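The structure appears below as structure tokens.
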Amino acid sequence: MTTTESPPRTGAPPRRAGDVVFSNLARGAGLLILLALAGVAVFLTVQGLPGLHADPTAYGGKSGFLSYVWPLVFGTVLAAVIALVIATPLAVGVALVISHYAPARLSRPAGYVVDLLAAIPSVVYGLWGINFLAPRLADGYQTLYDHLSWIPFFAGPPSPTGRTILTAGIVLAVMILPIITAISREVFMQTPKLNEEAALALGATRWEMIRMAVFPYARSGVVSAVMLGLGRALGETMAVAMVLSASGVVTWNLISSVNPSTIAANIALQFPESTGEAVNVLVATGLVLFVVTFLVNFIARAVVARSRIEG
């Protein structure tokens, strides 16, 4: 009895035309993003380097570039940190309510409403902050000054208009809230049901189940969401420029009329009237913001990778 054996397969299996097209499009999109990022970096470097050693008159009365950019970096980071401190616990709480506590008939509309916050233009947030939020916070700042003026954050005197770095931070918190909430919600909903059911079967309460099963699984995703929100807060321009009454100083006082500015807001306010080396100085500050944002994202990737390994 003879048997015929099929010849062994050699080489990779043939790829479908659709797979080839999709793979090339995805690769091209990735390369395009890298090229755009490289183009921005090259532009900022070429146009910004002359601003590092410009004439002292281009620094607005400052002695050099470092003394000019340092208050802007301080204000940028301070406003972003205030926004994160306010938005992160609120966003995680809203995400938990939508994913694990609220019934479906309420969680879906709530999710849509939160997502719609991301579609509101920043100039609308600025108008809301300057015309609605700031005047209503002025009395609260006076109360903080009356009772907590011994804390450097509330040393005052309080701003009568409410246009302070704290108000700008609150506006930024509302702006980054939908980003952190949406990503955290999706990560929470991806938690394996078997893990949640096992925790409940062992007698855990719902909160204990979330703490032992949901949070460890979603830790890296929540960190990524927070870092994305931080990136949005660092680069926000119009809302901060409209709300903040900036003086270009370095201060921890959050309720005073004397406030540090941010890099993005300073560029938006100063660029229309700048010429010559003053433009190079503004571009140089944009390069600093680019580097700060890159470092934040690099650290975020490292934290996320470490969380996944530990998880």
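The values are calculated or read from the model by the stated rules, or taken from the named source; none is laboratory data. Quick caveat: nothing in here was measured; it's all calculated off a predicted structure. No Cβ is skipped: glycine too gets one built from the backbone with ideal geometry, and neighbour counts run over all protein chains shown.
A few comments on the model shown:
- Within region 96-125, the set of residues being small (Gly, Ala, Ser) and under 17 Å from the mean Cα position of the chain (by Cα) comprises 118, 119, 122.
- Within region 252-311, considering residues that are polar (S, T, N, Q) and within 30 Å of residue 146 (Cα to Cα), the one surrounded by the most Cβ atoms within 10 Å (Cβ to Cβ): 262
- Residue in region 145-165 that is buried (at least 24 other Cβ atoms within 10 Å of the Cβ), among the aliphatic types (A, V, I, L, M) and in contact with a Ser or Thr (Cβ under 9 Å, 6 or more places away or on another chain) present: yes
- Among the candidates 253, 259, residue that is in contact (Cβ under 8 Å) with a residue 40 or more places away in the chain and over 22 Å from residue 123 (Cα atoms): 253
- Scan of region 233-245 for residues that are surrounded by fewer than 20 Cβ atoms within 10 Å (Cβ to Cβ) and either without any contact (Cβ under 8 Å) to a residue 40 or more places away in the chain or assigned to a helix (DSSP H, G or I) (or both), ordered by number: 235, 238
- Of the helices (runs of 4 or more DSSP H) lying entirely inside region 139-232, those containing at least 3 residues that are in contact (Cβ under 8 Å) with a residue 60 or more places away in the chain span 165-189.
- For region 101-110, the criterion of a residue being in a helix (DSSP H, G or I), surrounded by 12 or more Cβ atoms within 10 Å (Cβ to Cβ) and modelled with pLDDT of 85 or more is satisfied by no position.
- For region 52-63, taking the residues that are outside any helix (DSSP H, G or I) and in contact with a helix residue (DSSP H, G or I) (Cβ under 8 Å, 6 or more places away or on another chain), the one that is surrounded by the most Cβ atoms within 10 Å (Cβ to Cβ) is identified as 54.
- Single residue of 72, 49 found to be in a helix (DSSP H, G or I), at pLDDT below 85 and surrounded by 10 or more Cβ atoms within 10 Å (Cβ to Cβ): 49
- Inside region 111-138, residues that are closer than 13 Å to residue 175 by Cβ, in a helix (DSSP H, G or I) and β-branched (Val, Ile, Thr) make up a count of 3.
- Residue pairs meeting the criteria (Cβ under 7 Å; at least 6 apart or on separate chains; first in contact (Cβ under 8 Å) with a residue 12 or more places away in the chain, in region 87-106; second among the small types (Gly, Ala, Ser)): 87/173; 87/229; 91/184; 92/184; 95/184; 98/107; 98/110; 98/111
- Qualifying residue in region 23-38 (condition: in contact with a helix residue (DSSP H, G or I) (Cβ under 7 Å, 6 or more places away or on another chain), at pLDDT 80 or above and polar (S, T, N, Q)): no
- Any chance residue 125 is farther than 23 Å from residue 237 by Cα and in contact (Cβ under 8 Å) with a residue 40 or more places away in the chain: no
- Filtering region 265-298 to residues that are without any contact (Cβ under 8 Å) to a residue 24 or more places away in the chain, over 19 Å from residue 238 (Cβ atoms) and part of a loop (DSSP other than H, G, I, E, B) leaves only 275.
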